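All of the numbers you see were taken from the coordinates with simple rules; none came from a lab. It should be emphasised that the depicted structure is a prediction, and the values quoted were computed from it without experimental measurement. Backbone-built Cβ (ideal geometry, glycine too); neighbour counts: all protein chains shown.
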Amino acid sequence: MYQWDFGILWTYRWLFLNGLGVTVGFTVVIVVCGLLFGLLGAFGTLSRFKPLRLLALTFIEAFRCTPILVQLIWFYYALPILAGVEMTPITASALALSLYGGSFYSEIIRGGIISIDRGQSEAGAALGMTPVQTMRRIVLPQAIKRMIPALMNQSIIQFKNTSLVSVLAVPDLVYQSQVAAHDSYRPLETYTAVAVAYAAILIPLTILVRRGEKRLAVSE
Amino acid sequence: MSETSKIEIRSLRKSFGNNEVLKNINLDVAKGGVVALIGPSGSGKSTLLRCINLLVVPDGGSVRVGDTRFAFGDGSKLPDVRTLANFRATTGMVFQHFNLFPHMTTLQNVMEGPVTVRRMAKADAETLARAQLAKVGLAEKADQYPATLSGGQKQRVAIARALAMEPDVMLFDEATSALDPELVGEVLNVIQQLASEGMTMVIVTHEIAFAREVADRLIFMRDGVVVEEGPARQVIDNPQEAATRAFLNHFHRTGALPPATTAS
């Protein structure tokens, strides 16, 4: 019978905290950059210019339809060979995860924008607004409200996806716990603790999302 | 008439795919004139109205409002976004479904054009917007969101929003068709008031009695062509074409306007 011993983890508390810091910081970066790529992707797919539409569509499908693990390895190991671009593991994984998240954000943002009634942009145009002004003043403020639940959901997935950067030896929570597990021969306790740490951050967040959704529903 | 006309449309054509919705339309609206466009659905009257402020870009012909003229068809370049925006700023439009901005208060809706398009200072725009809201009888609704207003109130706000741009002409696209019958009167009253102030207007409507009262000219369209045109009362009381007669038989043509409920 296996004897659980969670006490052993105390020895590695600084390692875990370091890892957690990297994981959270990394999430902030890839969520912000991912949203930026997402906005570009969405505007690209909605563009009047066909080459831009094709480019945006290629970006979205390339990253949406391939495994993130392969993308991480590809960005770090294949890009230097193919394009001569050398990146640190952190840059490579931040870029891959931002683009991966961006491809999903794109579709969420595009969906939000096209869900706004055509009459809204017509009313803007009739007042004499340019398409850019209409997008900024009329369509986006309404669309963002509708996108928020889906964007939050995708950001939670982004947070969990950071666990994959350990394959490139980025010292996140999962990587540090691998170190701890090898050192202590206690992988079960270590990984259980990792799961608890992720959940402890995400569950309060999901509650916040639910509350946000309810508040938005009331103001509709 | 073309010497003094405010709106002049010549040989206008528009197709959606294989469906030709406007076939060689000519239209003049005198300065201060009120033209009512009537006709069965699918006759092209809404498309014609939307061609006047180029929300729909014609395939051929020309559109002139005031001193700005656009020609369409072979060899003519489509106007760029800036030119289009500047042009539309001089024409006000009111839509069937109001199209108020739901994320803004009534006051902000009316201020939006002057602030974003005209770059007017917020304080000046607010003064202007409050005056326009007062004009349509909704001064006390300034801080409410559109969702809390009745259909008639929404449409009056939409009229105030268009007026805040101080347009040369006003275009009404079935402005009362989405309203409950008891709310039609309050909107028609506002339109009638504008007519009496000398605003140049083109009104797409199914309110024949209203058209008879307010419009000085009436145009009956069917299948993308103007079937009959003339002084509003004359065409409504004594239509010359069989198609016009058949269409008008569906309506009470005279009688009082629907009663206006006092502004609330």
Using only alpha carbon pairs under 8 Å that are at least six residues apart, calculate the relative contact order of chain B and give it in whole percent. 25 percent
With 10 angstrom as the radius, rank A:TRP14, A:TRP74 by how many other C-beta atoms surround their C-beta, starting from the fewest. A:TRP14, A:TRP74
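Tell me the GluC sites (Glu not before Pro) within segment A:21-118 that lie in a loop according to DSSP and have at most 15 other beta-carbon atoms within 10 Å. Intermediate results must be reported in sequence, preceding the final value.
Values: sites: A:GLU61, A:GLU86, A:GLU107; in loops: A:GLU86.
Here the GluC sites (Glu not before Pro) that fit, given the DSSP loop and packing criteria, are A:GLU86.
Classify chain B from the C-alpha gyration tensor, please: rounded if a/c falls under 1.5, else prolate or oblate depending on whether a/b exceeds b/c.
Details: a/c = 1.89, a/b = 1.19, b/c = 1.58.
Since a/c reaches 1.5 but b/c is at least a/b, the shape of chain B is classed as oblate.
Can you give the net charge of the other residues whose Cβ lies under 10 Å from the Cβ of B:ILE9, counting K and R as +1 and D and E as -1?
Overall, the nearby charge balance is 0.
Using helices alone, what [θ] at 222 nm do you get for chain A, with -39,500 (n - 2.57) per DSSP H run of 4 or more residues, divided over all residues and rounded to the nearest 500? Before the final figure, lay out the partial values.
Working: 10 runs with 166 residues, N = 220.
Rounded to the nearest 500, it is -25000 deg cm²/dmol.
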For B:SER15, residues with placed amide H under 5 Å, excluding near neighbours: B:VAL21, B:ASP59
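Only counting other Cβ atoms within 10 Å, I'd like A:PHE49, B:PHE101 sorted with the fewest neighbours first.
On the way: A:PHE49 9, B:PHE101 22.
Going from sparsest to densest Cβ surroundings: A:PHE49, B:PHE101.
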Tabulate in residue order the Karplus-calculated ³J(HN,Hα) for segment B:60-68, using 6.51 cos²θ - 1.76 cosθ + 1.60 with θ = phi - 60°, rounded to whole Hz; enter x for Gly and Pro. x, x, 9, 10, 10, 10, x, 9, 9
Can you list the trypsin sites (Lys or Arg not before Pro) in segment B:153-217 that are in a DSSP coil and have 14 or fewer other beta carbons within 10 angstrom? none
Contact order relative to length of segment B:51-141, as percent, for alpha carbon pairs under 8 angstrom and 6 or more apart: 16 percent
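Of the DSSP beta bridges with both residues in the protein assembly as shown, give the percent that are antiparallel, rounding to the nearest 5.
Numbers: 24 of 41 bridges.
In the protein assembly as shown, approximately 60 percent of DSSP beta bridges are antiparallel ones.
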Within chain B, what is the longest stretch that has no GluC sites (Glu not before Pro) placed in a DSSP loop and near at most 12 other beta-carbon atoms within 10 Å? B:4-196
A correct Karplus calculation of ³J(HN,Hα) over segment A:26-40, with 6.51 cos²θ - 1.76 cosθ + 1.60, θ = phi - 60°, whole Hz and x for Gly and Pro, returns 4, 4, 4, 4, 6, 6, 5, 5, x, 4, 5, 4, x, 4, 4
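Rounded, prolate or oblate: pick one for the protein assembly as shown, where a ≥ b ≥ c are the square roots of the eigenvalues of its C-alpha gyration tensor, a/c under 1.5 means rounded, and failing that, prolate if a/b is larger than b/c, else oblate. It would help to have the intermediate numbers written out before the result.
Numbers: a/c = 3.35, a/b = 2.37, b/c = 1.41.
Because a/c hits 1.5 or more and a/b exceeds b/c, the protein assembly as shown counts as prolate.
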Spatial separation of Cα centroids for segment A:156-201 and segment B:201-231, in angstrom: 73 Å
In terms of modelled amide H atoms, which long-range or inter-chain residues lie less than 5 Å from the amide H of B:GLY33? B:MET201
Give me A:ILE144, B:ILE52 sorted ascending by neighbouring Cβ count inside 10 Å, so fewest comes first. A:ILE144, B:ILE52
Connecting C-alpha atoms closer than 10 Å in a GNM of chain A, tell me which of A:ILE60, A:ILE156, A:ILE116 has the biggest fluctuation. A:ILE116
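Per the helix-only calculation at 222 nm, which mean residue ellipticity applies to chain B, given -39500 (n - 2.57) for every DSSP H run of n ≥ 4 and division by its residues, nearest 500 deg cm²/dmol? Working shown, then result.
On the way: 9 runs with 86 residues, N = 264.
One gets -9500 deg cm²/dmol as the mean residue ellipticity at 222 nm.
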Can you tell me which of A:VAL31, A:VAL165, A:VAL22 moves the most in a GNM of chain A? Springs connect C-alpha atoms under 10 Å apart. A:VAL22
Among A:LEU79, A:LEU40, A:LEU57, which one moves the most in a GNM of chain A with springs linking Cα atoms closer than 10 Å? A:LEU79
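Which of rounded, prolate, oblate describes chain A, given a ≥ b ≥ c as roots of the alpha-carbon gyration tensor eigenvalues and a/c under 1.5 marking rounded, otherwise prolate only if a/b is larger than b/c? Display every interim value, and only then the final one.
On the way: a/c = 3.50, a/b = 1.70, b/c = 2.06.
Taking the square roots of the gyration eigenvalues as a ≥ b ≥ c, chain A is oblate.
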Which trypsin sites (Lys or Arg not before Pro) in segment B:66-104 pass both tests, a DSSP loop state and at most 16 other beta-carbon atoms within 10 Å? B:LYS77
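Below 8 Å between Cα atoms, with a sequence gap of 6+, how large is the relative contact order for segment B:100-215 in percent? Provide the component values of the computation, followed by the final result.
Numbers: 138 pairs, mean separation 30.2, N = 116.
In percent, rounded to a whole number, it is 26.
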